[in-house]
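In what follows, a structure is listed as structure tokens, so that the remarks can point back to it.
The values are calculated or read from the model by the stated rules, or taken from the named source; none is laboratory data. Source: prediction; values computed, not measured. Backbone-built Cβ (ideal geometry, glycine too); neighbour counts: all protein chains shown.
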Amino acid sequence: MSPKFDGRVAVVTGASRGIGREVAHRLVAEGARVCITARTPETLREVVTELGGPKHALGVAGHSDDLRVQLTSFSTLASKTPSGNFSSRPMSDQSQSNPPRRHT
């Protein structure tokens, strides 16, 4: 059985410590690639290394409410994913056992 989020990407803000760091670890453990953001570049580099390096995680330093950081996060992920595309489904809908839901 493949990991739950195999082939998926996620952006995790506040990933240098606490809940954000744990969420990033869990997503990578479940097969996702992550783009993590945090204000401190040094700590961000440590977390990228913990997560398995650039194959699994990319770091963007800055405030997550800064539009430039948001755009950099998404453009970095898009340029590093094989298809360059993001799924339009939420992460909770992306496992093989959960087909896309139709909203009416």
Cβ pairs under 6 Å, 6+ apart or interchain, first in segment 54-67 and closer than 15 Å to Pro41 by Cα, second of a type in the set (A, V, I, L, M) and at pLDDT below 85, ordered by first then second residue, are Val60/Val69; Gly62/Val69
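Given the residues Pro41, Pro54, which is the only one that is at pLDDT 75 or above, of a type outside the set (Gly, Ala, Ser), exposed (fewer than 14 other Cβ atoms within 10 Å of the Cβ) and touching a strand residue (DSSP E or B) at 6+ places or on another chain (Cβ under 6 Å)?
Working: Pro54 fails: touching a strand residue (DSSP E or B) at 6+ places or on another chain (Cβ under 6 Å).
Just one listed residue meets the conditions, Pro41.
Among Val12, Val48, Val28, Val34, which is buried (at least 18 other Cβ atoms within 10 Å of the Cβ) and free of Cβ contacts under 8 Å to residues at least 24 places away in the same chain? Break it down stepwise before answering.
Values: Val12 fails: free of Cβ contacts under 8 Å to residues at least 24 places away in the same chain; Val28 fails: free of Cβ contacts under 8 Å to residues at least 24 places away in the same chain; Val34 fails: free of Cβ contacts under 8 Å to residues at least 24 places away in the same chain.
Just a single option satisfies the conditions, and that option is Val48.
Per-residue answers, yes or no, for (1) aliphatic (A, V, I, L, M); (2) modelled with pLDDT of 90 or more; (3) not in a strand (DSSP E or B):
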| position | (1), (2), (3) |
| --- | --- |
| Ile19 | yes, yes, yes |
| Val28 | yes, yes, yes |
| Glu46 | no, yes, yes |
| Ser64 | no, no, yes |
| Leu71 | yes, no, yes |
| Thr76 | no, no, yes |
| Arg89 | no, no, yes |
Selection over segment 30-43 where residues are under 8 Å from the mean Cα position of the chain (by Cα) and either of a type in the set (A, V, I, L, M) or in a loop (DSSP other than H, G, I, E, B) (or both) yields a count of 3
